[in-house]
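The values are calculated or read from the model by the stated rules, or taken from the named source; none is laboratory data. Every value quoted in this text rests on a predicted model; they were computed, and no experiment measured them. Here the Cβ is made from the backbone with ideal geometry for all residues, glycine too, and neighbour counts use every protein chain on show.
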Amino acid sequence: MSDASEQPGHVPVLPAEVLELLVPAAGETYVDCTAGLGGHAAAVGELVGPSGRVVLNDLDPGNLARAVVRVRGVIGEDRVVAVEGNFADLPRELGRRGIRADMVLADLGFASSQMDDPGRGLSFRNDGPLDMRMGPSLPITAAELVATLPEGDMAHLIREFGEEKHARAVARKVVAARQDSPIETTRQLAEIVRSAIPRARGPVSRIDPATRTFQAFRIAVNDELGSLDRFLAAVTRGAASAPSEDGWLAPGARVAVIAFHSLEDRAVKRAFGDLVSRGLGEHVRRGIVQAGEDEVGRNPRARSAKLRVVRLVASEGAGAG
Ligand SMILES: C[S@@+](CC[C@H](N)C(=O)[O-])C[C@H]1O[C@@H](n2cnc3c(N)ncnc32)[C@H](O)[C@@H]1O
């Protein structure tokens, strides 16, 4: 991994595996759906070189700006294209601009810099406003959801997106608490959730009981699964359409997704499996690729990372987003 990847604030996960499986070549176009701080993009940029091109996309304008500066430093000012927005809308935007990707990466979730910023309200470890939005353009904050969702809908959300078996008890406590006073901070919500969950018997769990409920609200606020589904549908459309159609995926394009929880990984597995069974793609590596103990030791966030990569079958072509 290059020096360019070692920027403080976010350590890219599975850096060597991403390069090995995407196989970047000089002159190719790389599309980074979730630029973050540009760690993966800088590493791929070095390999596509000044005859290649890097497209950087992020919902978070601050992250996008930092990634652009970093990758421009590697590949050159005019070889970087920046697009601020949801990656679900990116395929259409690329089609509109006439850009075809040879490689695509979606490294889902949030960057450590976002998680560590108390102002984002993503973490219960630091007290902050209950916001959780990855970008300012998103319409609803976690505080608004917590204040307005009916109890049954909240229990459903916590069960589905957090896979929390005490979802009903958590929702009941949250609704009771909000009648006393508004729930506006991460600490308030974390304490209410912890009070609703029975203490585990047996070996003490290292996972804070608030983790699953926070995940659930974050997924809902950012429509994480809806965005992923729209993106995966665009990959399928791109793989299925004729090479003569102008689209966003080049013939033989490699598409990689790094998921951090089972709900995301299930969707990726299904979509990529479907491409393979229809003869439109092939697995670059069967099954999921995960970080080794060394990487997890250096970067605990890598523990739950699951990478899948599919390569479009060149003869079937690629097309419209
Ligand atoms: C895990 S970080 C990416 C880190 C990056 N690969 C690197 O090496 O620095 C995920 C990034 O995706 C962005 N993001 C999350 N969901 C998004 C979405 N639906 N559309 C666009 N960007 C999104 C977040 O704002 C965050 O910057």
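Among residues of region 102-118 that are more than 18 Å from Leu130 (Cα to Cα), those with a Cβ under 7 angstrom from a residue that is part of a strand (DSSP E or B) and within 8 Å of the ligand (Cβ to nearest atom), sequence gap 6+ or separate chain, pair up as Leu105/Asp32; Asp107/Ile258; Leu108/Ile258. For first residues located in region 59-81 and closer than 23 Å to Gln114 by Cβ and among the basic types (Lys, Arg), partners that are modelled with pLDDT of 95 or more and more than 13 Å from the ligand (Cβ to nearest atom) and lie 6+ apart or on another chain with Cβ distances below 7 Å form the pairs Arg72/Val80. With respect to the conditions (1) modelled with pLDDT of 95 or more; (2) in a helix (DSSP H, G or I); (3) not acidic (Asp, Glu), Gly119 lacks only one, and its number is (1). When the helices (runs of 4 or more DSSP H) confined to region 197-300 are screened for residues that are more than 14 Å from the ligand (Cβ to nearest atom) and surrounded by 12 or more Cβ atoms within 10 Å (Cβ to Cβ), those reaching at least 2 such residues are found at 211-221, 224-240, 262-277. Working only within region 84-118, note down all residues that are away from the ligand (no atom under 14 Å from the Cβ) and either touching a Pro at 6+ places or on another chain (Cβ under 6 Å) or not acidic (Asp, Glu) (or both). Within region 84-118, Gly95, Arg96, Arg97, Gly98, Ile99, Arg100, Ala101, Pro118 meet the criteria. You will find that of Val31, Val11, Val81, the residue that is among the β-branched types (Val, Ile, Thr), surrounded by fewer than 23 Cβ atoms within 10 Å (Cβ to Cβ) and more than 10 Å from the ligand (Cβ to nearest atom) is Val81 and no other.
Considering only helices (runs of 4 or more DSSP H) fully contained in region 134-195, which possess at least 2 residues that are modelled with pLDDT of 95 or more and β-branched (Val, Ile, Thr)?
142-148, 167-180
For first residues located in region 168-191 and over 16 Å from Leu149 (Cα atoms), partners that are of a type in the set (Val, Ile, Thr) and in a helix (DSSP H, G or I) and lie 6+ apart or on another chain with Cβ distances below 9 Å form the pairs Ala190/Thr213.
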